[in-house]
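Visitor: My questions will all concern the structure given below.
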């Protein structure tokens, strides 16, 4: 009997040890797997209850060529001006490399925290254009060819070939009539649809992905994923046209009715004083206007390039160096903003500036 009990005890201990090892191995295996990301449905539920500012916008610039200095990003600057003109709040501009992990991590972060995310770049036909695939992974959306986009692209290419043929035929007829040299025929085959071009219609699809065509003149869609991530091309001309129509037709009309979508207004004041001389005055103004939704900022100006320089390289104060600081006041109430701009002007012995004057030397 004792032998049976001892056997039972031994069996129980072995069982407990096995369970303990199984739990430890399970924890260990989980720790090396990538963390699961909430489903798009859960993401939207979290976003809707997070109290995000419905006017908040983030911009994600994607591309090694920007980070490497080969290409200068102008799209984020254009988007900033567009948001300002429509009363939106551009809260974040980030740039990432053409790396899956980087794109996935940042687009998830931005999507969770801001009402609208606009990406730029990485959606062409080459191997390093990985934005669509990265964003599809980020939000668990399948990657598939989008037939309506293929159809629009094909129509656009056929029209391009037709125009090229007409232009060539006209040039041939003119050469014959004038006895001139016959023009070289275009390479029509190079203008046709191929697998590389078709790749530009391979993007996230599924229950949380939508392709819209805000610019009727373009075959290029804006793909919206997870309800708030809009994928735009990096080519400046295309980015500008799509950003214009997407903001004007998709974002602004769908703001909550009670939300203030009036454009921001900026007043600029110049002064000959240095920032250290005006800091206390600006703090006083800031404390007075922050409850009114007015933002106050100051931006020092460098001396003109014509200013004399000492033998040690220091710039001497010159009579031409009049504008030393630009003070900016931004708000939406014209009368209130003008009143406080006049207060700042009088406190700083300053004068009003235009945008062009503020940007000059």
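Visitor: Run through all the Cα pairs of region 321-361 and give the fraction in each 10 Å bin from 0, expressed as whole percent.
Guide: Per 10 Å bin, starting at 0, the Cα pair percentages come out as 26, 56, 18, 1.
Visitor: Could you work out, for region 169-296, what percent of all Cα-Cα pairs fall into each 5 Å distance bin, beginning at 0 Å and stopping at the bin that holds the largest distance?
Guide: 2, 7, 10, 11, 10, 8, 8, 9, 9, 7, 6, 4, 3, 3, 2, 1, 0
Visitor: Using only Cα atoms, locate the centre of region 132-190 and the centre of region 264-305, then give the distance between them in Å, rounded to an integer.
Guide: Here the answer is 53 Å between Cα centres.
Visitor: In percent, what relative contact order does region 78-207 have, based on Cα pairs under 8 Å that are 6 or more apart in sequence? Write out the running numbers ahead of the final one.
Guide: Numbers: 116 pairs, mean separation 36.7, N = 130.
It comes to 28 percent, rounded to a whole number.
Visitor: Give me the compactness ratio for region 113-191, meaning the Cα radius of gyration over 2.2 N^0.38 Å. Can you show the working numbers first?
Guide: On the way: Rg = 20.9 Å, N = 79, 2.2 N^0.38 = 11.6 Å.
Expressed relative to 2.2 N^0.38 Å, the Cα Rg reads 1.80.
Visitor: Something else: Would you mind classifying region 199-260 by shape? Square roots of the alpha carbon gyration tensor eigenvalues, ordered a ≥ b ≥ c; an a/c under 1.5 is rounded, otherwise it is prolate if a/b is larger than b/c and oblate if not.
Guide: Working: a/c = 2.34, a/b = 1.29, b/c = 1.81.
Taking the square roots of the gyration eigenvalues as a ≥ b ≥ c, region 199-260 is oblate.
Every number in this text was worked out from the coordinates using simple rules, so none of it is lab data. Note that the coordinates shown come from a computational prediction; the quantities given were computed from them, not determined experimentally.
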